[in-house]
1. For TYR60, what charge total do you get from the other residues with a beta carbon under 11 Å from its beta carbon, if Lys and Arg give +1 and Asp and Glu give -1?
2. Given a 1.4 Å probe and the protein chains all in place, what does the accessible area of ARG74 round to, in Å² to the nearest 10?
3. For LEU97, what charge total do you get from the other residues with a beta carbon under 13 Å from its beta carbon, if Lys and Arg give +1 and Asp and Glu give -1?
4. Could you state the orientation-averaged shadow area of the convex hull built on the Cα atoms of region 1-116, in nm² to one decimal?
5. Taking only C-alpha pairs under 8 Å that are 6+ residues apart, what is the relative contact order of region 1-115 in percent?
6. Which whole-Hz couplings ³J(HN,Hα) result when phi for each residue of region 104-121 is put into the Karplus expression 6.51 cos²θ - 1.76 cosθ + 1.60, θ = phi - 60°, listed in order with x for Gly and Pro?
7. Would you mind classifying region 49-117 by shape? Square roots of the alpha carbon gyration tensor eigenvalues, ordered a ≥ b ≥ c; an a/c under 1.5 is rounded, otherwise it is prolate if a/b is larger than b/c and oblate if not.
8. Working only with C-alpha atoms, what are the Rg and Dmax values of region 55-173, expressed in angstrom?
Amino acid sequence: MEHWTVNRAGKSIVLIGMMGAGKSSVGRSLQRRTQFALLDTDEIVASKFGLSIPEIFSKYGEQVFREAETQALREMAPDKQTIVVTGGGIVLCEGNLDFLKRLGVVVWLDSKEETLFERVARSGNRPLLQRGNPREVFAQILQARLPLYAKVANIRVDTSVLTDEEIAVAILSRLGKLGRNWRPGSPIPATAR
């Protein structure tokens, strides 16, 4: 397997997107290819509480989870190169948007609504979908978050039909196309769509 290197102090690859987009599995694929450390805000919060995400939602509520998620994000060092996997709702806190951008290149993993819902429905452990009609709730959550993902993302990748490895390669390829002279081993350009 070819390993990619990305040399730019303080610039990580930050994955955002709706639940079901594949952020965790793509993050692991990127970590293998870049050898960056991998940080997952959901895992950090779960570890802090000693509970699963559904248990945190059940016991403490969404607001406490969101506060802990924001705290986990802010404790990440912007000067350390990492693959950062975020929870789907991290964009709901306005202050997080600027911090996500400061961490590095923000990659929005997107997919068709139906595909996202099918993936989420298979897992069956999404606390936000445990009320009302899950399909309608999912659609409402997605519609509220779409403009926030679009606002903060430098790159958008459709995950509908690609494998995790193909998505990781596509992301690294897109990073290469952001700058005229960028290639693996070169600095990540700070901004571009």
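The values are calculated or read from the model by the stated rules, or taken from the named source; none is laboratory data. Because the structure is a prediction, the values reported are computed rather than measured. Cβ: placed from backbone, ideal geometry, glycine included. Neighbour counts: every protein chain shown. Please note that ligands, DNA and RNA were not included when accessible areas were found on the heavy atoms of the full protein model with its side chains. Shrake-Rupley method; radii C 1.70, N 1.55, O 1.52, S 1.80 Å.
1. After counting each charged neighbour, the total is -1.
2. 100 Å²
3. Here the charged neighbours net out to +3.
4. 7.7 nm²
5. Working: 174 pairs, mean separation 54.1, N = 115.
So the answer I get is 47 percent.
6. Karplus values, whole Hz, x for Gly and Pro: x, 7, 9, 10, 8, 8, 10, 6, 5, 3, 4, 5, 4, 5, 4, 5, 5, 5.
7. Values: a/c = 1.93, a/b = 1.15, b/c = 1.68.
Oblate is the answer for region 49-117, as a/c is 1.5 or above yet b/c matches or exceeds a/b.
8. Gyration radius and largest Cα-Cα distance of region 55-173: 15.0, 43 Å.
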